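The values are calculated or read from the model by the stated rules, or taken from the named source; none is laboratory data. Fair warning: this is a prediction, and the values are worked out from it, not measured in the lab. With ideal geometry, Cβ positions are generated from the backbone for all residues, glycine too; neighbour counts draw on all protein chains shown.
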Amino acid sequence: MDQTSRSPNPGLSQADRTGSERLIRWRYFKDRVATVAVGIGGVGVLVAILLIFFYLAWVVLPLFAPAEIDQVARYSNPISEPAVMLTVEEQAEVATHVSASGRVRFFDVLTGELRGETQLPIPDGAALAQFDNIDQNRGLFGALMDDGRLMIARQQHRLRFNDDGRTISSSLAYPYGETAIDTGLTGVHALEVRASDDSLLVAAAMGDGRIELVRFEQEVGLFGGTGELTEDERGTVQFELPPERRIERILLDPAETWLHALTDAGEVITTNIRNLDSPERLGPVTVAGPDAHVIDARYLNGGISVLVTTSDGRISQLFPVRDAGAGWRLQKVREFEAPGEAMISAVDIEQRRRGFIAADSAGRLAIYYATSHRELLNEAVIEGAIKDIALAPRADRLLVEGRDGMITVFDIHNEHPEVSLSALWGKVWYESYPEPDYVWQSSSATSDFEPKFSLMPLSFGTLKAAFYAMLFAMPLAIFGAVYTAYFMSPALRQIVKPTIEIMEALPTVILGFLAGLWLAPVLELNMPGAFLLILFLPLAIPLSGFVWTRFPAAIRHRVPDGWVPALLIPVVILVTWFAFALSRPVEAWLFGGSMPLWLNNEMGITYDQRNALVVGLAMGFAVIPTIFSIAEDAVFSVPKQLSQGSLALGATPWQTMVRVVLPTASPGMFSAVMIGLGRAVGETMIVLMATGNTPIMDMSLFQGMRTLSANIAVEMPESEVGSTHFRLLFLSGLVLFMFTFFFNTLAEVVRQRLRRKYSTL
């Protein structure tokens, strides 16, 4: 047999065979290139998604990192006298030591080198009896002598820049003069002083369960206070205590409303001092166990929460809250464990956050944050007992004084103590709230503000907006897709389908603008009409169909097959006009002229103009094209032989659609719904403009919400890069990413199962 006969196509010439082989190789090359390109594209999509996920996780992970401390210095205490006050100034470079003799010394935090010293102007023959760190933020402290005279001083640390670099000069100032103030208070067991710009309130606990209150007013001249104080009023708060008990510590809140008295039995008794003639008494609340006593008591930053440390290792947080009867009660909110088994020896608080530090007599130290109820660090930092600690105002440096006469300095890295899983996803009892709640409130005007970072209201709002949008969009889109693909005439389908798909290109900012500025006021003014429309349309459409069947055949046959639904357009328009025309008369007849007010007064339902109803309609309008397009393609792609075979066997068109077409198209239809849900979950502009952006958890149709995406859009421009707020917004994005990933994964799993189930049809 010759070569020609063995050729695949012996009828071709050599040139033709060469050309054919060249064409085959070229096609093979293109197929390989296309395969590689598609593979690279698919892998690129997966890599991009993973990179987005890992970037979000990289930004978010520092939120949950524990606190860290690093020792930066250790030296012998330059001052032999014990301290009644030890503080560190703003730059964490200079420490202030006040002794019981009234000696004030300033020394370098890192080296221990003395930078200066001075003596409080204590009158001759007098001795310091009580001491109070009045306001650490302002550097104010007070010293009460045994003869009843009070000295108020303020630390001053002036920062200067010169040729030699930066220097800090420290001194004392006397805002009310260097002459001691005669309070007439002797035999004092505990002292508390509150100083404002023009007044001074002194509270002193006596041995008989009595607290004396003395207020001094500052004379104000043309250019402000003169520094001279005169007694304005005096009052007494009497506590009925057993003879063996006494008041060990007292606290006054910055607003001078609540007076907290702590007894030696570990009880906290709170009194409203606004009206001493009929004082409101709260408590007692027990914070210590049997045979235990109070070691320390002070206000957390903000002056609302009281932090009480007892000898049995308890650290309790308390604050007044409103009860159901609009009265007040003192509530023990949280309790923290001691750093170790040994007794707590020192406590200090952060000046700008709700954090604090506790140390014990075994050299252990723990860092806590109140709002998140989180212990961020717990470790042994020195050998031997800790005598005193001083935390810098920025909470970035800590000075630890041991009983061995050594001072150890630590740098603290604790950037995001406000965050914990319980604070993000559980109910938190915030200051001044009547009960634990889910709250998102990220910023305020002052540093006394307690940040509230619960993601629950944002996640709830996201799902709520998506639910109402899908409740409106899903039936319309699916029923429309089924009718368009199966019953509508091809000519009309060529008009309807592109028209609805073009709607998807409409910018959502336009929809949000229309929803917020046009639709919301229209619905508020015509609320009965909107509900009448929901009632009338389902009745009018089948009624119109029934009436059409009673028309003469000559008229009905004039309408081409598949175009009958177009006749419903004027019906829908007419019914809509009629429903809104009845709105005002019905509102005046049944709801006293205003349905929103009637809902509020009679039903207790608050109506917000921009609410879930508005969001559902506007966002549903945006989601309908997505669901419709995919679902319509799924129904239309069902092989014609399946439906024709069903019809040939005697099934009606409706039976064929329900029993054959819909099951076969169900994988694509389910994917359409889930993709539409994913878009609704991630929608930003519509919910940003069409709702009140209030982070509340209420399923009411007439209340607004705040979604994760809208919150990111609103607050990201105002957040500081690297701050807790900034990273929490990225965490919101990560949660939103996981939501959409979950819905898309679920859609794919269900779609594959439906495909396998109905593939044999």
Are any residues in the stretch 68-101 of a type outside the set (A, V, I, L, M, F, W, C) and farther than 24 Å from E415 by Cβ, and if so, which ones?
R74, Y75, S76, N77, P78, S80, E81, P82, T96, H97, S99, S101
Residue under question is E192, and the condition is that it be among the acidic types (D, E), in contact with a strand residue (DSSP E or B) (Cβ under 9 Å, 6 or more places away or on another chain) and within 19 Å of I211 (Cβ to Cβ); does it hold?
yes
Just for the stretch 415-426: of the residues that are of a type in the set (A, V, I, L, M) and part of a helix (DSSP H, G or I), which one is surrounded by the fewest Cβ atoms within 10 Å (Cβ to Cβ)?
L421
Restricting to the stretch 302-324, name every residue that is over 17 Å from W429 (Cβ atoms) and not small (G, A, S).
T309, T310, D312, R314
Residue tally, condition among the hydroxyl-bearing types (S, T, Y) and either in a loop (DSSP other than H, G, I, E, B) or closer than 29 Å to R374 by Cβ (or both), over the stretch 100-118:
2
Can you tell me which residue is surrounded by the fewest Cβ atoms within 10 Å (Cβ to Cβ) among those in the stretch 611-648 that are hydroxyl-bearing (S, T, Y) and over 19 Å from G512 (Cβ atoms)?
S637
May I ask you to list the residues in the stretch 169-181 that are in a loop (DSSP other than H, G, I, E, B) and either surrounded by 14 or more Cβ atoms within 10 Å (Cβ to Cβ) or hydrophobic (A, V, I, L, M, F, W, C) (or both)?
Y174, P175, Y176, G177, T179, A180
Among the numbered criteria (1) at negative phi; (2) at pLDDT below 90, which one does L300 miss?
(2)
Could you list all residues from the stretch 100-151 that are in contact (Cβ under 8 Å) with a residue 60 or more places away in the chain, surrounded by 14 or more Cβ atoms within 10 Å (Cβ to Cβ) and among the polar types (S, T, N, Q)?
Q130, Q136
Quick one: I712 ticks every box in (1) buried (at least 22 other Cβ atoms within 10 Å of the Cβ); (2) among the β-branched types (V, I, T); (3) free of Cβ contacts under 8 Å to residues at least 40 places away in the same chain except a single one, so which number is it?
(1)
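Rundown of residues vs (1) surrounded by fewer than 21 Cβ atoms within 10 Å (Cβ to Cβ); (2) over 24 Å from A390 (Cβ atoms); (3) touching a residue at least 12 places away in the same chain (Cβ under 8 Å), yes/no style:
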| residue | (1), (2), (3) |
| --- | --- |
| A326 | yes, yes, no |
| K332 | yes, yes, yes |
| E341 | yes, yes, yes |
| E350 | no, no, yes |
| I367 | no, no, yes |
How many residues, within the stretch 709-720, are of a type in the set (D, E) and assigned to a loop (DSSP other than H, G, I, E, B)?
1
Please go through the stretch 212-221 and pick out each residue that is free of Cβ contacts under 8 Å to residues at least 60 places away in the same chain and either among the hydrophobic types (A, V, I, L, M, F, W, C) or on the phi > 0 side of the Ramachandran plot (or both).
V214, F216, V220
Residues of the stretch 66-99 being buried (at least 17 other Cβ atoms within 10 Å of the Cβ), outside any loop (DSSP other than H, G, I, E, B) and of a type in the set (A, V, I, L, M), in sequence order, are I69, A83, V84, M85, L86, V88, V94, A95, V98
Name, by its number, the condition in (1) part of a loop (DSSP other than H, G, I, E, B); (2) of a type in the set (K, R); (3) out of contact with any Pro (no Cβ under 6 Å at 6 or more places or on another chain) that does not hold for R706.
(3)
Please determine whether any residue of the stretch 721-731 is assigned to a helix (DSSP H, G or I), touching a Gly at 6+ places or on another chain (Cβ under 9 Å) and surrounded by 14 or more Cβ atoms within 10 Å (Cβ to Cβ).
no
Please work out if G19 is at pLDDT 85 or above and assigned to a helix (DSSP H, G or I).
no
The residue that is surrounded by the fewest Cβ atoms within 10 Å (Cβ to Cβ), considering only those in the stretch 494-506 that are touching a Ser or Thr at 6+ places or on another chain (Cβ under 8 Å), touching a residue at least 24 places away in the same chain (Cβ under 8 Å) and assigned to a helix (DSSP H, G or I), is E501
Checked the stretch 394-414 for anything buried (at least 18 other Cβ atoms within 10 Å of the Cβ) and either in contact (Cβ under 8 Å) with a residue 40 or more places away in the chain or touching an Asp or Glu at 6+ places or on another chain (Cβ under 7 Å) (or both); matches are A395, R397, L398, L399, V400, E401, I407, T408, V409, F410, I412, N414
(1) in contact with an Asp or Glu (Cβ under 8 Å, 6 or more places away or on another chain); (2) within 22 Å of A153 (Cα to Cα): which one isn't true of D264, the others all being true?
(2)
Tell me which residues, restricted to the stretch 427-441, are under 11 Å from the mean Cα position of the chain (by Cα) and surrounded by fewer than 18 Cβ atoms within 10 Å (Cβ to Cβ).
Q441
Of the residues in the stretch 297-323, how many are outside any strand (DSSP E or B) and in contact (Cβ under 8 Å) with a residue 40 or more places away in the chain?
7
Would a scan of the stretch 186-207 turn up a residue that is among the basic types (K, R), crowded, with 18+ Cβ neighbours inside 10 Å and free of Cβ contacts under 8 Å to residues at least 60 places away in the same chain?
no
Residues that are charged (D, E, K, R) and under 32 Å from the mean Cα position of the chain (by Cα), drawn from the stretch 266-312:
D296, R298
Those residues that are under 20 Å from the mean Cα position of the chain (by Cα) and within 19 Å of D70 (Cα to Cα), I need them from the stretch 346-367; list them, please.
G355
Report yes if R166 is in contact with a Ser or Thr (Cβ under 7 Å, 6 or more places away or on another chain), exposed (fewer than 13 other Cβ atoms within 10 Å of the Cβ), outside any loop (DSSP other than H, G, I, E, B) and of a type in the set (K, R), otherwise no.
no
Can you pull out the residues in the stretch 182-207 that are in a strand (DSSP E or B) and either within 19 Å of G139 (Cα to Cα) or out of contact with any Lys or Arg (no Cβ under 7 Å at 6 or more places or on another chain) (or both)?
L191, E192, V193, R194, A195, S199, L200, L201, V202, A203, A204, A205
Can you tell me which residue is nearest to the chain's Cα centre (by Cα) among those in the stretch 108-131 that are at pLDDT 90 or above and acidic (D, E)?
D108
